[in-house]
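K.L.:
First, the structure itself, so that you have it in front of you.
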Amino acid sequence: MKSNINPHQKILETASELFYQKGIQNVGINEIIATSGVAKKTLYRYFASKKQLIEEVMKHRAREWLQWFEVAVQDSGNTPKERLLATFDVMRDWYASPNFRGCPFINAVLEISDASHPAHAVSVGVRESIRCHIKQLAEEVGIKDSESFSQQYLLLIGGASLMATIEGAPGSANYAQKVLSTLIDSSLG
């Protein structure tokens, strides 16, 4: 039975899953080829190097993750304040999923110590997209200094994600949500 996924997409999805589950540095091109079922020549037609593949995988994952996060948050509350607080309900669900292995963007930065690697820039871009989304929600809530608020929020989500990874449990989202509630109340008008 033939797959209706084109080879480029199949390579991206296979590499994305392998990088996330095993770590970027632990997965070689041969494993991606074997798992995806594409020929070596096909992989190199789309990706000239592992570095380029890593960058494209990170961009692919970033698009998917940000779309998921924004839609899930939007669907989780009726008011901007409810949606802001619901960000940690969304994160809790993610942390509780059986295949959760930490934030792929934090993982990539930790694995690839070279700050000039394209994966680093993608991770920074995801961070900035989250911050902008939270800043917008904060402004809709009526928070005075939405810029500072959004930076503080990033500390909460980053810390909660790391703790969920370390503990292998979603409870850190509950604590982050409580801190976020206090932060919202102290930041209002």
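K.L.:
Of all helices (runs of 4 or more DSSP H) completely enclosed by segment 14-76, which ones contain at least 1 residues that are aliphatic (A, V, I, L, M) and over 21 Å from VAL126 (Cβ atoms)?
P.N.:
Because the criterion is at least 1 residues that are aliphatic (A, V, I, L, M) and over 21 Å from VAL126 (Cβ atoms), the helices (runs of 4 or more DSSP H) in segment 14-76 that meet it are 29-36, 40-46.
K.L.:
Tell me which of these TYR20 doesn't satisfy, since it passes every other one: (1) at pLDDT below 95; (2) not assigned by TED's automatic domain parsing to the domain that holds SER172.
P.N.:
Every listed condition holds for TYR20 apart from (1).
K.L.:
Now for a separate question. If I ask for residues that are more than 19 Å from PHE100 (Cβ to Cβ) and among the hydrophobic types (A, V, I, L, M, F, W, C), which ones from segment 16-51 would you list? Lay out the reasoning, then the answer.
P.N.:
Step one: of segment 16-51, the residues more than 19 Å from PHE100 (Cβ to Cβ) are 25, 28-51.
Selection gives ILE29, ILE32, ILE33, ALA34, VAL38, ALA39, LEU43, PHE47, ALA48.
K.L.:
Here's something else I'd like to know. Six or more apart or on different chains, Cβ under 7 Å: which pairs go from a residue in segment 29-48 that's of a type in the set (Lys, Arg) to one that's part of a helix (DSSP H, G or I)? Could you list them?
P.N.:
Close Cβ pairs satisfying both conditions: LYS40/ILE33.
K.L.:
Can you pull out the residues in segment 119-147 that are touching a residue at least 24 places away in the same chain (Cβ under 8 Å) and more than 26 Å from LYS59 (Cα to Cα)? Full working, then the answer.
P.N.:
Narrowing segment 119-147 to residues touching a residue at least 24 places away in the same chain (Cβ under 8 Å): 119, 122-123, 125-127, 129-130, 133-134, 137-138, 140-145.
Once the filter is applied, which keeps residues that are touching a residue at least 24 places away in the same chain (Cβ under 8 Å) and more than 26 Å from LYS59 (Cα to Cα), segment 119-147 yields ALA138, GLU140, VAL141, GLY142, ILE143, LYS144, ASP145.
Here's the yes/no breakdown for (1) within 20 Å of CYS132 (Cα to Cα); (2) within 21 Å of the chain's Cα centre (by Cα); (3) surrounded by 20 or more Cβ atoms within 10 Å (Cβ to Cβ):
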residue: PRO7; (1), (2), (3): no, no, no
residue: GLY23; (1), (2), (3): no, yes, no
residue: ILE32; (1), (2), (3): no, no, yes
residue: LYS40; (1), (2), (3): no, no, no
residue: SER49; (1), (2), (3): no, no, no
residue: ILE54; (1), (2), (3): no, yes, yes
residue: ARG61; (1), (2), (3): yes, yes, yes
residue: GLU82; (1), (2), (3): yes, no, no
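The values are calculated or read from the model by the stated rules, or taken from the named source; none is laboratory data. Being a predicted model, the structure only gives us computed values, none of them experimental. Note that we place each Cβ from the backbone using ideal geometry, even for glycine, and neighbour counts take in every protein chain shown.
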